[in-house]
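Quick notes on the structure that follows.
The values are calculated or read from the model by the stated rules, or taken from the named source; none is laboratory data. Fair warning: this is a prediction, and the values are worked out from it, not measured in the lab. Quick reminder, even Gly has a Cβ in these numbers, built from the backbone with ideal geometry, and neighbours come from all protein chains shown. Quick note on the areas: whole protein, heavy atoms, side chains included, nothing else; ligands and nucleic acids left out. Shrake-Rupley method; radii C 1.70, N 1.55, O 1.52, S 1.80 Å.
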Amino acid sequence: MSNKIQTLGGYIHEYSKSIQNPEEFWSRVADSFHWHQRWDNVVEWDFVGPDVKWFTNSKLNITENLLERHLFVLGNKPAIIWEPNDPEEAVRTITYRQLYEMVCQFANTMKAQGIQKGDRVIIYMPMVPEAAVAMLACARIGAVHSVVFAGFSATSLADRINDCEAKMVLTSDGNFRGNKKIPVKAVVDEALENTNTIEKVIVLHRTGDEVTMKEGRDVWWHEAIEGVSAVNEAEVMDSEDMLFILYTSGSTGKPKGVVHTCGGYMVYTYYTFQYVFQYSPVDVYWCTADVGWITGHSYIVYGPLLAGATTIMFEGVPTFPEAGRFWAICEKHKVNQFYTAPTAIRALQAYGTEPIQPHDLSSLKVIGSVGEPINEEAWHWYHDHVGKGRCPIVDTWWQTETGGIMVSPIAGVTPTKPSYATLPLPGIQLAILDNDGNELKGNSVEGNLCVKFPWPSMLRTTYGDHERCRQTYFSSFKGYYFTGDGVKRDEDGYYRILGRVDDVINVSGHRMGTAEVENAINEHPKVVESAVVGYPHDIKGQGIYAYVICDMEGRSEENLIQEIRETVNKIIGPIAKPDKVQIVPGLPKTRSGKIMRRILRKIASADTGNMGDTSTLLNPEVVDQIMEGAR
Ligand code: PRX
C-alpha cells in the first residue's frame, strides 16, 4: 500500500474517508500485512469501561510483518544503521536478513533461558542494535517487553520490575553517553536487591568494564547465544495480546504501565510513519530518540521496520564530541528524514549556526519535532538553518498512551505554521471541551484536548490496574479519552498544543509528575513538606522548581539543597533533579489544606505582578515570604 499523498485535497479526501467509514479505512491499511487469521470485527469499543479492541480474533506476529514480509525483496537492504557514541568507532549496518537472523537467534536464546509467552521482560540497555533485537525477540515469542530508559535509577527500575513482576532483565555491562560511562549493570544489581521475580539477567558486553556476575542468575549475551539456532517459528498472537508495557508519569502516584497490544499498534505505527514522513523506499530515516521512550518504540523500531525503511540508531548525545554531531551524522549517512525534540534544537541553537556550516545537509527532505511544544524561535531556527528553508517541519503531537502520531502536518502536503501541530491524521477524531465538558465546536476555540473515537494504537489499559486507566483518561469527560493537554483551534482550524493542564511537567520532552518528584524529595529525612511546579526554561522547555519546608537544625541551606537534589537523583534519576530548590517557611494553602500551585507557579516564573486574591488562604503571609526568598 502506498501512502503517498500529493496535495492538501488528497489529505482531506483521505481524512473524510477515514471518518465516514473507519472500519473500511483501517481494514484497507491492515490488508498490507500477513495475518494468520483475519479479524471478525475491525473495532469494538466503549469509552466508559473502557474496553477497546481492534481486529478482533485475528492472529498475527508483528515480527513476521517486519522481517519475513520484507526478506524476499528487501533482504539485503539495511534495516538498522548504528552510529556509535564515539565517531571513531565503526558503524554497524544490519540488513533485514541479518536482523531476521539475530532476532530469531535471540528469541530462541530467551526461550532456552526460561521465557515463555506472556512473561514480562525488562530491557535496560544502551542505544545499540541489540536493544532493538531484544524488543523484537520478545515480540517474536510473545513475551511482553518493558523498556526502561537507562538513565533511571535503581529505585525506579525496581519499582517497574515489581509492578509488572518481570522474570528477566536484558542489560549491558555499561553504557557510553558522550564522555561519560554509565555502570548500568551495577544499577541493575542494586535494583534486584529489592525485587524477587527476576530469574535471569542477560548482559551485553559493551564498555568492557568489570562487572559482578551472579552465578545462576547472570549470563553474558555472547555466551548465551553461542551455538543457538537462528531458525525460529514466530508465536501466533491474538491481535489484542499484549505487545509491550511502557511506564510513564502521570499527575498522581507512581508511574503507570501503559499497555499496547499487537494488531492495532502494528497497523497504526506503520501507517503513520509512512504517511507523516512520506517515506520513500530509498530513504534513510533518523529519529534521535532513545528506545526507552515511546518515540523510540514507534518511530525507531516498529513503524520504520514495518515499512521496510532504513532506520538509524544513534548511541550518543547531540554535543559529543562537539555541537555539530547531529549534522555530521546527517551528512555521513545522507539522512533524508530527521526527527528530533525541541529541547535538542534549543540546546544546539545556543551554539549558533557555526557547527552546522561545515556539513552538507542537502540530503534532508523532512525534519520533525516531537515531545513538547516547539516555540516559534526554535521552529524558525530549525526551519531556516537545518531545513535551509526547503524542508517541511512535521511538528508531531502524540503521547505514550496514543502509541502513534495523532496531530501533524503531512510532509510537503499540509501548509505548516510555526508552533502548530496543524491537523489530525486520518482516523483521529478530536474534540475540544471546556471545563464543564461541553464540546466547543467551530474554529477559534481553546480548551481540553480529547479524542472521541478509538484509533488502533491507543492504550488498552494500565498494567494491573484497569481502574486507574479509567480514572486517568476516561473519567474527566464522559465518553471521551482525555489527553491532559490544553489546545487551541485557530481561525483556520489548525491545532496548537498549549501544554499540560494537569500536574505534569514536561522537562526536555520527558514527562514528570509533580507528585512523583515531591514523593522523592520527601524521602529526605529533614524534609517536612514539598511542592513542585514547572517554570519556563530556555533549553528544557520546562524546569523543575521545588519549594521545600525543612527542619534546618544543624544544617546549612546550601548543603540541604544539594542533598535534596541528590535524593531525587537517586530515587528517580538525573532527569528529575530539581533545577531550583527553595527552602520556604510554609506553603500557601486553601482552608481545606490544598496547596495553591497557581501561586507557586507564578513565583517560579517570576510573574508576580498579579497574584490574584490571596486573602482566602489559610496563611496569606507566606506568599510574601516565599516571594522574598525567591528574590
Ligand atoms: O504534553 C504533550 C507533549 O508530551 C506529552 C506526551 O509525553 P510522552 O507520553 O512522554 O510522549 C512524548 C512523545 C510522543 C503530551 O501530552 N507533547 C508531545 N508532542 C508534542 C507535545 N506538545 C506539543 N507539541 C508536540 N508536538
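Magnitude of the Cβ-charge dipole of segment 508-630, K/R +1 and D/E -1, about the Cα centre, nearest 20 debye?
Working: 15 positive and 17 negative charges, 102 e Å.
Dipole of segment 508-630, to the nearest 20 debye: 480 debye.
Nothing charged except the Cβ atoms of Lys and Arg (+1) and of Asp and Glu (-1): what's the magnitude of the dipole of the chain about its Cα centre? Round to the nearest 20 debye.
860
What does the charge count around F25 come to, taking other residues whose C-beta lies under 10 Å from its C-beta (Lys +1, Arg +1, Asp -1, Glu -1)? Don't jump to the answer; show the numbers that get you there.
Numbers: positive: K17, R28; negative: E14, E23, E24.
Taking every Cβ under 10 Å from that of F25, the sum is -1.
Note down the relative contact order for segment 15-88 as a percent, whole number, built from C-alpha pairs under 8 angstrom at least six residues apart.
Numbers: 57 pairs, mean separation 16.6, N = 74.
Averaging sequence separation for qualifying contacts and normalising by length gives 22 percent for segment 15-88.
Can you tell me the order of 194-205, 365-376 when each peptide is scored by its average per-residue count of other Cβ atoms within 10 angstrom, highest first?
On the way: 194-205: 17.8, 365-376: 22.5.
Output ranking for 194-205, 365-376: 365-376, 194-205.
Enumerate the amide H contacts of G543 below 5 Å, restricted to partners 5 or more residues apart or on another chain; note that Pro and chain-start residues carry no placed amide H.
Excluding prolines and chain starts, which carry no amide H, the hits are Y535, H537.
Between segment 248-294 and segment 5-22, what is the C-alpha centre distance in whole Å?
22
Counting only protein heavy atoms and using a 1.4 Å probe, what share of the accessible area of the chain belongs to carbon plus sulfur, as a whole percent? Don't skip to the end; give the middle numbers.
Values: 11300 of 23750 Å².
That share works out to 48 percent.
What residues qualify as long-range amide H neighbours of V258, i.e. H under 5 Å apart, gap of 5 or more or another chain, H built at 1.01 Å from N?
Those qualifying (amide H under 5 Å, at least 5 residues apart or on another chain) are L246, Y247, T248, Y463.
Any idea which of A307, Q98, P321 is furthest toward the positive side of the dipole for the chain, if Lys and Arg beta-carbons carry +1 and Asp and Glu beta-carbons -1?
Result: A307.
What fraction of the DSSP beta bridges in the chain is antiparallel, stated in percent and rounded to the nearest 5?
Numbers: 57 of 96 bridges.
About 60 percent, rounded to the nearest 5.
Work out, in µm²/s and without decimals, the Stokes-Einstein translational diffusion coefficient of segment 132-212 at 10 °C, 1.306 mPa s, Rh from Kirkwood over C-alpha pairs. Can you show the working numbers first?
Working: Rh = 13.2 Å.
Taking Rh from Cα pairs, D becomes 120 µm²/s.
Can you give me the convex hull volume of the Cα atoms of segment 489-631, divided per residue and expressed in Å³? Display every interim value, and only then the final one.
Working: hull volume 19.8 nm³, N = 143.
Taking the convex hull of the Cα positions in segment 489-631, it is 139 Å³ per residue.
Just to confirm, what accessible area per residue do you get for the chain at 1.4 Å probe, in whole Å²? Please list the in-between numbers first.
On the way: 23750 Å² over 631 residues.
Accessible surface, normalised per residue, equals 38 Å².
Among 497-504, 605-612, how do they line up from the highest to the lowest mean number of other beta-carbon atoms within 10 Å?
On the way: 497-504: 18.4, 605-612: 11.2.
Result, highest mean Cβ count within 10 Å first: 497-504, 605-612.
Provide the percentage of antiparallel DSSP beta bridges, counting only those with both residues in segment 1-150; round to the nearest 5.
Details: 9 of 13 bridges.
Within segment 1-150, antiparallel bridges account for around 70 percent of the total.
In whole angstrom, how far apart do the alpha carbon centroids of segment 376-417 and segment 66-97 sit?
One Cα centre to the other: 27 Å.
Given H placed 1.01 Å from N in the peptide plane, which residues other than close sequence neighbours of V445 have an amide H under 5 Å from its amide H?
R489
Grab the Cα-Cα distance for S280 and E523, subtract it from 0.36 nm times how many residues apart they are, and report the gain in nm with one decimal.
Values: separation 243, 0.36 × 243 = 87.48 nm, distance 5.15 nm.
Stretched out fully, the S280 to E523 stretch lengthens by 82.3 nm.
Would you tally the net charge around E372, using a Cβ to Cβ cut-off of less than 11 Å, leaving E372 out, and scoring K and R as +1, D and E as -1?
Values: positive: R346, R500, R511, K540; negative: D395, D485.
Residues close to E372 contribute a combined charge of +2.
Among the listed pairs K4/K365; K4/K53; K185/K570, which have their C-alpha atoms separated by more than 24 angstrom in this model?
Where the Cα-Cα span goes over 24 Å, the pairs concerned are K4/K53.
Each label point is 7 Å from the Cα along the Cα-to-Cβ direction; what then is the distance between the points at A606 and N162, in nm?
The two pseudo-label positions are separated by 4.1 nm.
Specify the inter-centroid distance of segment 433-463 and segment 181-216, based on alpha-carbon positions, in whole Å.
So the two Cα centres are separated by 42 Å.
Taking segment 546-627, how much of its Cα-Cα pair set, in percent, is spaced more than 20 angstrom apart? Before the final figure, lay out each step's value.
Values: 1390 of 3321 pairs.
That fraction is 42 percent.
Using the Karplus curve 6.51 cos²θ - 1.76 cosθ + 1.60 with θ = phi - 60°, what ³J(HN,Hα) values do you get for each residue of segment 512-527, in whole Hz, with x for Gly and Pro?
These are the phi-based 3J(HN,Hα) values: 10, x, 4, 4, 5, 5, 4, 4, 5, 4, 5, 5, 5, x, 8, 7 Hz.
Along each of the three principal axes of the Cα atoms of segment 384-434, give the extent in whole Å, ordering the values from largest to smallest.
The Cα atoms of segment 384-434 stretch 37, 22, 20 Å along their principal axes.
Residue by residue through segment 205-213, what is 3J(HN,Hα) from phi via Karplus (6.51 cos²θ - 1.76 cosθ + 1.60, θ = phi - 60°)? Round to whole Hz and write x for glycine and proline.
7, 10, 8, x, 5, 5, 9, 8, 10
Could you tell me which residue out of L67, A158, G612 lies farthest along the dipole of the chain toward its positive end? Charges go on the beta carbon: Lys and Arg +1, Asp and Glu -1, centred on the Cα centre.
So the residue we want is L67.
How are the alpha carbon pair distances in the chain distributed across 20 Å bins from zero to the largest one, expressed in percent?
19, 55, 25, 1
Across segment 477-563, what fraction of all alpha-carbon pairs, as a whole percent, falls in each successive 5 Å bin from zero upward?
So the P(r) values, bin by bin, are 3, 12, 18, 17, 15, 13, 9, 5, 4, 3, 2, 0, 0.
What relative contact order, as a whole-number percentage, does segment 508-630 give when Cα pairs under 8 Å and 6 or more residues apart are counted?
On the way: 181 pairs, mean separation 28.7, N = 123.
With pairs under 8 Å counted, the relative contact order is 23 percent.
For the chain, what does the relative contact order come out to in percent, with C-alpha contacts under 8 Å and a separation of six or more? Display every interim value, and only then the final one.
On the way: 1377 pairs, mean separation 78.3, N = 631.
Relative contact order comes out at 12 percent.
Each residue of segment 170-187 in order: what ³J(HN,Hα) in whole Hz does its phi give by Karplus 6.51 cos²θ - 1.76 cosθ + 1.60, θ = phi - 60°, with x for Gly and Pro?
10, 8, 9, 5, x, 10, 8, 8, x, 8, 10, 10, 10, x, 5, 4, 5, 5
From the C-alpha coordinates alone, can you work out the Kirkwood hydrodynamic radius of segment 395-531, in Å?
Numbers: mean 1/r = 0.0607 Å⁻¹.
With all distinct Cα pairs of segment 395-531 included, I get 16.5 Å.
Nothing charged except the Cβ atoms of Lys and Arg (+1) and of Asp and Glu (-1): what's the magnitude of the dipole of segment 485-575 about its Cα centre? Round to the nearest 20 debye.
280
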